[in-house]
1. Rounded to the nearest 20 Debye, what is the dipole magnitude of chain D about its Cα centre when Lys and Arg each give +1 and Asp and Glu each give -1 at the C-beta?
2. When 1/r is averaged over all different Cα pairs and the result inverted, which Kirkwood radius in Å belongs to the range C:2-110?
3. What does the charge count around B:Ile54 come to, taking other residues whose C-beta lies under 9 Å from its C-beta (Lys +1, Arg +1, Asp -1, Glu -1)?
4. In whole Hz and in residue order, list the ³J(HN,Hα) couplings for the range D:46-57 that follow from phi through the Karplus curve 6.51 cos²θ - 1.76 cosθ + 1.60, θ = phi - 60°; x for Gly and Pro.
5. Ordered by residue, what ³J(HN,Hα) values in Hz, to whole numbers, does the range A:117-126 give under the Karplus form 6.51 cos²θ - 1.76 cosθ + 1.60, where θ = phi - 60° and Gly and Pro are x?
6. Return the whole-Å distance between the Cα centroid of the range D:47-78 and the Cα centroid of the range C:3-77.
7. Find the lysine pairs in the range B:1-142 meeting two conditions, Cα atoms under 20 Å apart and a separation of 8 or more places or different chains, and report how many there are.
8. Could you work out the helix-only [θ] at 222 nm for the protein assembly as shown, with each DSSP H run of four or more residues adding -39,500 (n - 2.57) and the total divided by the number of residues, to the nearest 500 deg cm²/dmol?
Amino acid sequence: MKYINQFSLSVDAKSINEGFVRSAVAAFCVQLNPTIEEIGDIKTAVSEAVTNSIVHGYKGKDGQIVVTVGLCEDGKTIEISVQDFGVGIPDVEQAMQTFFTTSPTDERSGMGFTVMEAFTDDLLVTSEVNKGTLVKMKKLLGANGNEIDNEQL
Amino acid sequence: MKYINQFSLSVDAKSINEGFVRSAVAAFCVQLNPTIEEIGDIKTAVSEAVTNSIVHGYKGKDGQIVVTVGLCEDGKTIEISVQDFGVGIPDVEQAMQTFFTTSPTDERSGMGFTVMEAFTDDLLVTSEVNKGTLVKMKKLLGANGNEIDNEQL
Amino acid sequence: MEILYSLEKSTLTIFLIGELDEFSAVNAKQKLDQIISDNKPQTILFDLSRLSFMDSTGIGVLIGRYKTAKALNGKVYVKNISRSIDKIFLMAGLYDIMPKISYKEQKNEIH
Amino acid sequence: MEILYSLEKSTLTIFLIGELDEFSAVNAKQKLDQIISDNKPQTILFDLSRLSFMDSTGIGVLIGRYKTAKALNGKVYVKNISRSIDKIFLMAGLYDIMPKISYKEQKNEIH
Ligand SMILES: Nc1ncnc2c1ncn2[C@@H]1O[C@H](COP(=O)(O)OP(=O)(O)O)[C@@H](O)[C@H]1O
Ligand SMILES: Nc1ncnc2c1ncn2[C@@H]1O[C@H](COP(=O)(O)OP(=O)(O)O)[C@@H](O)[C@H]1O
């Protein structure tokens, strides 16, 4: 996939960094002049994926989370990926079911993937046990009717 | 150098991304509860370094800028580096002089390095012609008396 | 995140201020349970007007506090919910256990 | 960045709004030169109350516009400067060519 603008970041898997990652992704998306609702959706979806990497992927232990964000050639679709190199998910289909959680005692709701799905236009999860998990999301930020063309960049 | 928290990001060398990089660095620093003035200083210093990479390092052509930010073990000093792989600086000492600029027709002021120096506590520039430039800055964010200890992370 | 509260008759209004995510959840749970068990309110009203962010971790936090309140025979309501947090409430069916209430309803029904 | 202006007698007040950096500089220069040469003011007053960010690229932009104004025999002043932008003005000696002016001075001296 070719992007007309992109960034990638790698950050310590600590929950104190969740707000930072949300803000960084949102700051990049601002160039598309998104609506407040679109920015809210993206922040929420990113937060779910990052929380999962910290809580489930690394189970609170040290690790790195890699987040990449690319602006597609249409000038209005954002692709976001969140990757960890943690324990992985044995059964992705089951994991993605609403209310499914492996940490009920932790008061987790099992709604993380459901929220990601609802707040983005496309969600793809790939995972391998003991290798890690990659969550890819797409979102069209077109509601304000603004798009960027390559000449402006 | 060991950091108790860190991130690094790589971004297209486009001026549209300047605001994004500033905001990302600022969002990371928020965990230290800095003063508004401290955040302003950091945004300005980072902006100078990123502008230089885009304008001088890559001369507006495609390239990547790598920004890393680390929180030192004292829990209150931030180390920031901005790196490009562009044309490099033949004479760093001369380049760092106030008002020195190689682009006067472009209405550049030659104040970039001077601002970086004034707005941070430590500045180190290393560069190699045709390899690129690395700017390292340190800033103590202690004015609010908040610091983070490793246990909180 | 910051948590403020006020007690009026047997209604405890709790203001959740800032961002409720995995980072802030641990402290929030502790503090909320403390406030609830200290005050043993008949009614808890979460005012979310100053909650700028909440993700699914927040669902767990709120359901947990609903259980704390129920164990003390209290009822839970919410008010002043922003659009994006409203979407999460709907998705999780949270309004079934903690109905949304307007200012008017609050005056008539709760007290 | 957004640029607004108002003309009162021969004083052109220009509001710089948002962030002035390398990204916004190209458009800002063009737009400012246009406004200045269209209005040929005797006095230009930059109101920076809503300028949330400026780095050394902004120094170049302002010095350039000072030259445009001077070529038309105009004087340049600034007002409502935030603390961090003030530091840059001081460092670059910008106040020497475009003095800072308060509301009172503006009423007495400029008009
Ligand atoms: N990055 C990840 N690494 C390992 N396991 C994961 C990851 N993300 C999700 N999972 C698994 O999928 C389950 C469902 O995730 P989710 O829908 O986000 O709900 P919750 O986080 O509330 O458990 C989790 O309980 C966990 O077992
Ligand atoms: N990243 C870089 N790559 C190449 N040259 C640079 C870089 N940064 C600075 N320089 C050189 O150093 C000079 C002085 O930089 P600076 O003090 O920031 O002033 P200005 O950017 O206004 O020219 C520049 O004009 C340029 O020649």
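No lab work stands behind these numbers, since they all come straight from the coordinates. Please read these numbers as outputs of a predicted model, since none were measured by experiment. When we count neighbours, we look across all protein chains shown, and the Cβ atoms used for this are built from the backbone with ideal geometry, even at glycine.
1. 360 debye
2. Hydrodynamic radius (Kirkwood, Cα only) of the range C:2-110 equals 13.7 Å.
3. -1
4. Whole-Hz 3J(HN,Hα) from phi for the range D:46-57: 7, 9, 9, 4, 10, 8, 8, 7, 8, 10, 5, 4.
5. 5, 5, 8, 10, 9, 7, 9, 9, 10, 10
6. Taking the Cα centre of the range C:3-77 as reference, the centre of the range D:47-78 is 51 Å away.
7. Lysine pairs meeting both conditions in the range B:1-142 amount to 17.
8. Result for the protein assembly as shown: -10000 deg cm²/dmol, rounded to the nearest 500.
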